[in-house]
Every structure is written in structure tokens, then in C-alpha cells.
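Everything below concerns the one structure shown next.
The values are calculated or read from the model by the stated rules, or taken from the named source; none is laboratory data. All values derive from a computational prediction rather than experimental measurement. Note that each Cβ is placed from the backbone with ideal geometry, even for glycine, and that neighbours are counted across all protein chains shown. Just so you know, the surface numbers come from the protein's heavy atoms only, side chains and all, with ligands and any DNA or RNA stripped out. Shrake-Rupley method; radii C 1.70, N 1.55, O 1.52, S 1.80 Å.
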Amino acid sequence: ELKDVERVYGGGNRKVQVLNQINLSIKENQLIALKGRSGSGKTTLLNLIGALDRPTNGEIYFHGEPLSKLNSKQQAEYPRTKLGFIFQSHGLVPLMTVAENIEFGLRVAGVPRDEWDSRVQEAIKVVGLTNRAKHRPYELSGGEQQRVAIARAISTEPPLILADEPTAELNSTMAYQIVQ
């Protein structure tokens with residue numbers, strides 16, 4: 001939940017208010033899409049919810065707990081264990097295969113090792129990349145790389161997935177399948 005969230009960059013004559021008193025409540029199993037022109041603050045809002053940045057004013061709550069009250073250990077743990085991120089740039093490790101990139105996300109999230117194989121295989125299947133599991137990112141199209149990023153995000157089964165243009169490089173059929 002976001003209450004009166006604001007984000008300002010710079011100061012004085014160079015002050016730019018990107019977000020102004022944003023109030024938003026996200027319920028379990030709810031899909032919310034943010035839309036707006038380029039530069040309107042969509043990515044900034046996702047970065048605030050993901051604790052990659054802090055609001056200038058206002059408060060963000062996760063399961064009723066204010067993010068501003070998290071200690072340093074909890075701040076590091078929150079995005080790693082509670083969120084799945086799908087970035088515009090994919091964020092894949094170039095020398096790792098599709099399967100290894102997904103497994104890496106599971107390791108970082110602290111998922112027990114005995115669950116890695118099944119979760120990797122299921123995530124790869126969901127995004128339709130079973131035949132590309134041993135390929136590295138540079139051997140994949142942009143759309144396939146995007147699907148690996150999606151697989152990595154869903155494999156940890158996080159309570160919240162933050163996605164910045166998650167279907168931008170996918171055809172309409174694949175985009176629909178992924179959203180489903």
C-alpha cells in the first residue's frame with residue numbers, strides 16, 4: 001500500500017517532482033497495469049515499491065509493515081525474498097545459461113536447493129523455452145531474453161512481482177500467455 005508517496009529529484013531551480021501524493025492499494029492476486037507517457041514516473045514508482053529507491057515523502061507498506069522502518073538487514077532481504085523483478089533490460093547474467101540464470105534467482109532468494117531443479121523446469125515450461133534451457137542470453141532473441149527474466153521472477157513464487165514493460169518484446173500471443 002502506498003500512502004501520499006512523493007518523489008522529488010534535485011533541488012532549488014532544478015527540482016523535479018516525478019510523483020505527487022500517490023495513493024495505491026494492491027490486493028492479493030490483483031494485476032495492476034500502470035500506463036502513461038515516457039518519463040511520467042512509472043519506473044520510479046516500481047523502484048520505490050521495490051525498495052530500490054526511497055520516497056521523498058509518504059510511506060510504502062508491505063503486508064502492513066512500513067518499508068521505512070526496516071533495519072538494514074531487512075532492507076536487503078525484502079527485495080530478495082518478497083519480490084520478483086522483471087526489468088526492461090532483463091538483467092540476465094551473460095555467461096549463464098537460461099536454466100542457470102533462473103537457478104541463480106532461486107539461490108539469491110534463499111529457496112531450498114532441493115527445489116531448484118523442479119522450479120527451474122516449471123518456470124522454463126511456463127514461458128515456453130524448454131528447448132532453449134542450455135542457451136546463453138547472447139544466443140537468444142530479445143523476446144526470449146524477456147521470457148527468461150519472467151521465468152526467473154516467477155520461479156521464486158514471490159508474493160509480489162514488479163514488472164517494467166514485461167511484454168514489450170513479445171508477440172501478442174506470447175504476451176497473452178505470459179499474463180495468464
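For the range 92-180, taking the reciprocal of the average inverse distance between every pair of different Cα atoms yields a Kirkwood hydrodynamic radius of 13.0 Å.
The distance linking the range 5-78 with the range 86-157 is 26 Å (Cα centroid to Cα centroid, whole angstrom). Of all aspartates and glutamates in the structure, those lying under 16 Å Cα to Cα from Lys134, and not within fewer than 8 positions of it along the same chain, are Glu100, Glu103, Asp117, Glu122, Glu144.
Cross-link reach is defined here as a Cα-Cα straight distance under 25 Å, omitting same-chain residues fewer than 8 places apart; for Lys82 the lysines meeting it are Lys3, Lys27, Lys35, Lys42, Lys69, Lys73, Lys125. Calculate the FRET efficiency for Glu65 and Ala33 from the Cβ-Cβ distance with a Förster distance of 35 Å, rounded to the nearest 0.05. Approximately 0.85, to the nearest 0.05. Going through (1) 55; (2) 61; (3) 65, the figure that equals percent of Cα pairs over 19 Å apart as computed for the structure here is (2). On the basis of the beta-carbon distance and an R0 of 35 Å, Arg54 and Gln177 show a calculated FRET efficiency of 0.45. In the chain, the portion of solvent-accessible area held by carbon and sulfur atoms comes to 48 percent [1.4 Å probe, whole percent, DNA, RNA and ligands not counted].
How far apart, in nanometres, would the label points at Glu165 and Gln88 be if each is projected 7 angstrom from Cα along the Cα-to-Cβ direction? Rounded to a tenth, the inter-label distance reads 0.5 nm.
Taking every protein chain into account, the accessible area of the chain amounts to 61 square angstrom per residue (probe 1.4 Å). Its Cα centre serving as origin, the chain has a Cβ charge dipole (Lys and Arg +1, Asp and Glu -1) of approximately 420 debye.
Within the chain, which is the longest segment containing none of the trypsin sites (Lys or Arg not before Pro) that sit in a DSSP loop and have at most 13 other Cβ atoms within 10 Å? Value returned for the longest uninterrupted segment is 38-133. The convex hull of the Cα atoms of the range 1-79, projected and averaged over all directions, covers 5.9 nm².
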